[in-house]
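Before any comments, here is the structure.
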Amino acid sequence: MTKLYGTSRSRSARSLWALEELGVKYEHFPIPTTEAKSAEHLKRNPNGHIPVLEDDGVVVWESMAINLYLAEKYGKSSLWPPELAAHADVYKWSFWAMTEVEPHLIAIMRNRVMNPPEQRDEKAAQAAVEALKAPLNVLEGALKGKQYLLGQNFTIADLNVAAVMSWMPMMRLDMSSTPNVQAWLQKCLGR
């Protein structure tokens, strides 16, 4: 049985979304981040983080790695494109979301929501909002004339990027200058 360890209020949500999209039967153990360094969980992931996937004896940690693994194994007719060049696009967009978008979103969340009020830095949050403009413009251009990142079909690339960007509406970030991104994100999150 496939098992996923990690609360849905973390990056585990990405992997839960992938499991649901793929229709994989799984067992969910909603371990909170505060228990990720427990002796039991450190046996699953020596880094002390969630999520962790156990699947037929294979143990995978890191949400993007989990999602790529799941899509390749279970999504051959749905989330995983058949062409090798498309695999490169899946990797490119998934890693792009982690490196170009997620750090800015984390900075905004920490400085506007997560940190205690006395530790919040609105200048740092605003700098992250400004820094987000460049990658959003890249995504805006990439989506021009397309339904999804790789064309007309929703793939794991869309899921991975949308999962990272799912925090944006929650933080009420203005996306009006990138209408393609806004429409695409709403379509993805509406799944």
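Things worth noting here:
- Boolean, PRO51 is surrounded by 18 or more Cβ atoms within 10 Å (Cβ to Cβ), of a type outside the set (S, T, N, Q) and on the phi < 0 side of the Ramachandran plot: yes
- Test for ILE66: is it part of a helix (DSSP H, G or I) and touching a strand residue (DSSP E or B) at 6+ places or on another chain (Cβ under 7 Å): yes
- ALA88 vs. criteria surrounded by 13 or more Cβ atoms within 10 Å (Cβ to Cβ) and either among the small types (Gly, Ala, Ser) or assigned by TED's automatic domain parsing to the domain that holds TRP17 (or both): no
- Among residues of the stretch 91-120 that are free of Cβ contacts under 8 Å to residues at least 12 places away in the same chain and farther than 18 Å from LEU132 by Cα, none has a Cβ under 9 angstrom from a residue that is among the aliphatic types (A, V, I, L, M) and not in a helix (DSSP H, G or I) at a sequence gap of 6+ or on a separate chain.
- Residues in the stretch 99-113 that are surrounded by fewer than 17 Cβ atoms within 10 Å (Cβ to Cβ), out of contact with any Lys or Arg (no Cβ under 9 Å at 6 or more places or on another chain) and either of a type in the set (A, V, I, L, M, F, W, C) or outside any helix (DSSP H, G or I) (or both): ILE106, MET109.
- For first residues located in the stretch 5-27 and basic (Lys, Arg), partners that are surrounded by 19 or more Cβ atoms within 10 Å (Cβ to Cβ) and lie 6+ apart or on another chain with Cβ distances below 7 Å form the pairs ARG11/PRO51; ARG11/SER63; ARG14/SER63; ARG14/ASN67; ARG14/ASN160; ARG14/ALA163.
- Cβ separations smaller than 6 Å between residues 6+ apart or across chains give the following pairs from the stretch 65-84 residues that are more than 21 Å from MET98 (Cα to Cα) to residues that are in a loop (DSSP other than H, G, I, E, B): TYR74/VAL24.
Let's see how each residue does on (1) surrounded by 15 or more Cβ atoms within 10 Å (Cβ to Cβ); (2) among the aliphatic types (A, V, I, L, M):
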position: GLU20; (1), (2): no, no
position: PRO32; (1), (2): no, no
position: LEU42; (1), (2): no, yes
position: ASN45; (1), (2): yes, no
position: GLY57; (1), (2): no, no
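- Test: residue in the stretch 119-126 that is out of contact with any Lys or Arg (no Cβ under 9 Å at 6 or more places or on another chain) and either exposed (fewer than 14 other Cβ atoms within 10 Å of the Cβ) or more than 16 Å from LEU185 (Cα to Cα) (or both): yes
- Filtering the stretch 1-18 to residues that are hydroxyl-bearing (Ser, Thr, Tyr) and in a loop (DSSP other than H, G, I, E, B) leaves THR7, SER8, SER10.
- Residue in the stretch 70-81 that is modelled with pLDDT of 95 or more, crowded, with 18+ Cβ neighbours inside 10 Å and among the basic types (Lys, Arg) present: no
The values are calculated or read from the model by the stated rules, or taken from the named source; none is laboratory data. The structure presented is a predicted model; accordingly, all values stated were derived computationally and were not measured. In this analysis, Cβ positions are derived from the backbone assuming ideal geometry, glycine residues included, and neighbour counts consider all displayed protein chains.
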